[in-house]
Amino acid sequence: MDEEKIKIVALVCSPRKGRNSEYLAREALKSAEQMGNIKTELVPLYDKTIKPCIGCYRCDMAAEDEKRICPAIKDDFEAVVSKLIDADGIIISTPVYFGGVTAQLKAFIDRCECISGYGNRRWLRNPMRNKPAGAIAVGALPGGGMEWALDTINHYFMAMQMIIASAVEGPAGSVGTIGSAWACLYPGNSLEPHAVEKDELGLEGARCIGRRIAILCKLLPRSVRKQEREEWIDWADAQMKNWKKKGFLAAKFTEMERRKPINKS
């Protein structure tokens with residue numbers, strides 16, 4: 001029987017098709033494929049509609065048999081997040097807008113409340129836990145906000161209890177900023193689709209991310225991650241009961257139990 005291939009998905013968060021953040025994501029995926037037994041997929045957001053989270057907590061209060069990942073809003077979020085849930089490793093690549101990530105990415109991150117560690121639906125209790133993940137950011141100039149954008153992505157990875165892949169390896173070790181890859185378009189023109197081709201260190205940083213995620217996926221096979229997640233859910237449920245008994249986070253639990261789900265589509 002052939003060994004099941006590891007799947008690595010790159011989420012490209014530019015509102016424009018075929019630009020520099022996509023170019024870097026493709027470089028990372030090609031590098032991952034070279035590690036063997038890897039299949040990859042590029043998931044762009046430029047043609048998707050992902051609305052902002054409305055903070056209704058309907059996802060946290062949904063019954064176990066609720067099949068919609070986000071019960072409150074109908075858009076492309078479910079199709080996109082399902083690809084990340086099914087993946088073994090994840091790359092998020094974004095251009096820098098006003099010193100941070102794009103609006104498309106921020107909306108996606110906020111909507112991921114429905115796959116966090118809360119809620120009644122065991123099948124959606126943090127399915128991202130222990131998945132290797134890497135961040136890529138590209139800006140117009142050195143010091144153009146890439147570090148802040150990477151910080152946002154890495155905070156998302158940590159909140160989802162993922163394992164952050166580092167771009168710090170080999171001769172391009174210095175390209176890692178908080179363990180991730182950044183690139184800049186200078187001296188190229190930011191209006192050029194592939195201006196980042198001139199940034200050799202940035203390109204190597206993206207490739208390092210791809211290789212590192214592939215290695216981590218091999219070290220953490222799906223069966224191991226699945227078993228540990230089930231054990232974690234049991235532990236977390238016991239902790240939650242203990243917290244309620246001691247009155248920890250009482251205001252949050254009371255508010256969530258009091259609030260009626262918002263029926264919005």
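Details
- Within the stretch 141-162, the set of residues being in a loop (DSSP other than H, G, I, E, B) and surrounded by fewer than 17 Cβ atoms within 10 Å (Cβ to Cβ) comprises LEU141, PRO142, GLY143, GLN161.
- For VAL175, the criteria (1) buried (at least 24 other Cβ atoms within 10 Å of the Cβ); (2) more than 25 Å from LYS17 (Cβ to Cβ); (3) at pLDDT 75 or above; (4) not charged (D, E, K, R) hold in every case but one, which is (3).
- Failed item in (1) surrounded by fewer than 21 Cβ atoms within 10 Å (Cβ to Cβ); (2) within 16 Å of PRO127 (Cβ to Cβ); (3) at pLDDT 95 or above; (4) not hydrophobic (A, V, I, L, M, F, W, C), with THR49 passing the rest: (2)
- Flag for GLU197 being surrounded by 13 or more Cβ atoms within 10 Å (Cβ to Cβ), at pLDDT below 80 and closer than 24 Å to LEU24 by Cβ: no
- Flag for ILE54 being farther than 23 Å from SER166 by Cβ and surrounded by 15 or more Cβ atoms within 10 Å (Cβ to Cβ): no
- TYR97 falls short of the stated requirement of being among the aromatic types (Phe, Trp, Tyr), surrounded by 15 or more Cβ atoms within 10 Å (Cβ to Cβ) and over 25 Å from ILE209 (Cβ atoms).
- The residues of the stretch 209-223 that are in contact (Cβ under 8 Å) with a residue 12 or more places away in the chain and more than 18 Å from GLU22 (Cβ to Cβ), listed by number, are ARG211, ARG212, ALA214, ILE215, LEU216, CYS217, LYS218, LEU220, ARG222.
Listed here are the residues, each with its yes/no results for (1) closer than 18 Å to ARG26 by Cα; (2) at pLDDT 60 or above; (3) of a type in the set (S, T, N, Q).
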site: TRP148; (1), (2), (3): no, yes, no
site: ALA181; (1), (2), (3): yes, yes, no
site: SER190; (1), (2), (3): no, no, yes
site: ILE209; (1), (2), (3): yes, yes, no
site: ARG225; (1), (2), (3): no, yes, no
site: GLN239; (1), (2), (3): no, yes, yes
site: LYS246; (1), (2), (3): no, yes, no
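- Condition check for ILE136: β-branched (Val, Ile, Thr), in contact with a helix residue (DSSP H, G or I) (Cβ under 6 Å, 6 or more places away or on another chain) and more than 19 Å from ARG19 (Cβ to Cβ): no
Every residue, every condition in (1) farther than 20 Å from GLU204 by Cα; (2) in contact with a Phe, Trp or Tyr (Cβ under 9 Å, 6 or more places away or on another chain); (3) outside any loop (DSSP other than H, G, I, E, B); (4) among the hydrophobic types (A, V, I, L, M, F, W, C), yes or no:
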{"position": "PRO15", "(1), (2), (3), (4)": "yes, yes, no, no"}
{"position": "GLY18", "(1), (2), (3), (4)": "no, yes, no, no"}
{"position": "LYS30", "(1), (2), (3), (4)": "no, no, yes, no"}
{"position": "THR40", "(1), (2), (3), (4)": "no, no, yes, no"}
{"position": "ASP60", "(1), (2), (3), (4)": "yes, yes, yes, no"}
{"position": "ALA63", "(1), (2), (3), (4)": "yes, no, no, yes"}
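- From the list LYS67, LYS106, the one residue that fits, being free of Cβ contacts under 8 Å to residues at least 60 places away in the same chain and assigned to a loop (DSSP other than H, G, I, E, B), is LYS67.
The rows are residues; the columns are (1) closer than 28 Å to LEU201 by Cβ; (2) modelled with pLDDT under 95.
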{"site": "ARG68", "(1), (2)": "no, yes"}
{"site": "ALA79", "(1), (2)": "no, no"}
{"site": "LYS83", "(1), (2)": "no, no"}
{"site": "SER93", "(1), (2)": "yes, no"}
{"site": "GLY99", "(1), (2)": "yes, yes"}
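The values are calculated or read from the model by the stated rules, or taken from the named source; none is laboratory data. Since we're looking at a predicted model, the values are computed, not measured. Using ideal geometry, Cβ is built from the backbone for each residue, glycine included, and neighbour counts are taken over all protein chains shown.
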